[in-house]
1. Given a 1.4 angstrom probe, I'd like the percentage of the accessible area of segment 5-101 that is carbon and sulfur, rounded to a whole number.
2. Give me the net charge of ALA87's neighbourhood, meaning all other residues with Cβ under 9 Å from the Cβ of ALA87; Lys, Arg count +1, Asp, Glu -1.
3. For segment 103-153 and segment 56-98, what is the separation of their C-alpha centers, rounded to whole Å?
4. Debye sum, Cα scatterers, segment 117-173, no solvent: what log₁₀ I/I(0) at q = 0.28 1/Å?
5. Could you state the accessible area per residue of the chain in Å², with a 1.4 Å probe and every protein chain left in place?
6. Pairs of Cα atoms under 8 Å, at least six residues apart: use those to get the relative contact order of segment 50-160, whole percent.
7. List, in the order given, every pair from LYS24/LYS62; LYS111/LYS161; LYS100/LYS161; LYS27/LYS163; LYS85/LYS119 whose Cα-Cα distance in the structure shown is over 31 Å.
8. Relative to the Cα centre, what is the charge dipole magnitude of segment 63-174, using +1 at the beta carbon of each Lys and Arg, -1 at the beta carbon of each Asp and Glu, and rounding to the nearest 20 debye?
Amino acid sequence: YRDRINEVLSEVDESYINLHDIAKALKARLTEREQYIREELLAKTYIIDTNSLIKDPDIVNKFNRKDRIVIPLATYEELEKLKAKYAGTLDGENARIARKNIDVLQKKNKKRVRVEKGKLSLLPGELQNINSRNPDNYILAVAIAHMKENPYLITYDAGLKTKAEVEGITVITV
């Protein structure tokens, strides 16, 4: 019986080694696939507030090419107003540069860089009823519309930041 037991143990050891190698190879393939999904399929969507574009008008040129950039219409319109209101100042010049950068990138790739109108109906009820003309609410509505696209809101506005975080949106202050 000892010989037979040793023979069976030898076969089990070989099977275990083979299974271990297969499991190791599968784990490597899964890790590789996970990396691909994170890098390619889970591209980030950046929603940019006006104040971030005024502070850094070239910010739209600093993102990874696979990431999407969404400029809320409220932000786009605010840039136009600031460009005219503060003509000849640094803020006016930065608004002009930011609009130009957005327009250039949008012409190159409309799928990657978009200007979108926020739908207030996406906001929680209490925000729909409070100061509905507030540009921050439109910007937040755009971010909420992209909840399934790994959204990141870029803003310096403390109030907008708080509202976004309550809605589960990651906020970046650059």
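The values are calculated or read from the model by the stated rules, or taken from the named source; none is laboratory data. From a predicted model like this one, the values you see are computed outputs, not experimental measurements. Quick reminder, even Gly has a Cβ in these numbers, built from the backbone with ideal geometry, and neighbours come from all protein chains shown. Areas reflect the complete protein model, heavy atoms only, side chains present, ligands, DNA and RNA absent. Shrake-Rupley method; radii C 1.70, N 1.55, O 1.52, S 1.80 Å.
1. Working: 3570 of 6600 Å².
The C+S portion of the solvent-accessible surface of segment 5-101 is 54 percent.
2. On the way: positive: LYS83, LYS85, ARG96; negative: GLU93.
Overall, the nearby charge balance is +2.
3. 15 Å
4. Debye output, listed in q order: -1.25.
5. Working: 11510 Å² over 174 residues.
For the chain, the per-residue accessible area is 66 Å².
6. Details: 131 pairs, mean separation 33.5, N = 111.
In percent, rounded to a whole number, it is 30.
7. On the way: LYS24/LYS62 38 Å; LYS111/LYS161 26 Å; LYS100/LYS161 26 Å; LYS27/LYS163 40 Å; LYS85/LYS119 27 Å.
Exceeds cut-off: LYS24/LYS62; LYS27/LYS163.
8. Values: 21 positive and 14 negative charges, 150 e Å.
The calculated dipole for segment 63-174 is roughly 720 debye.
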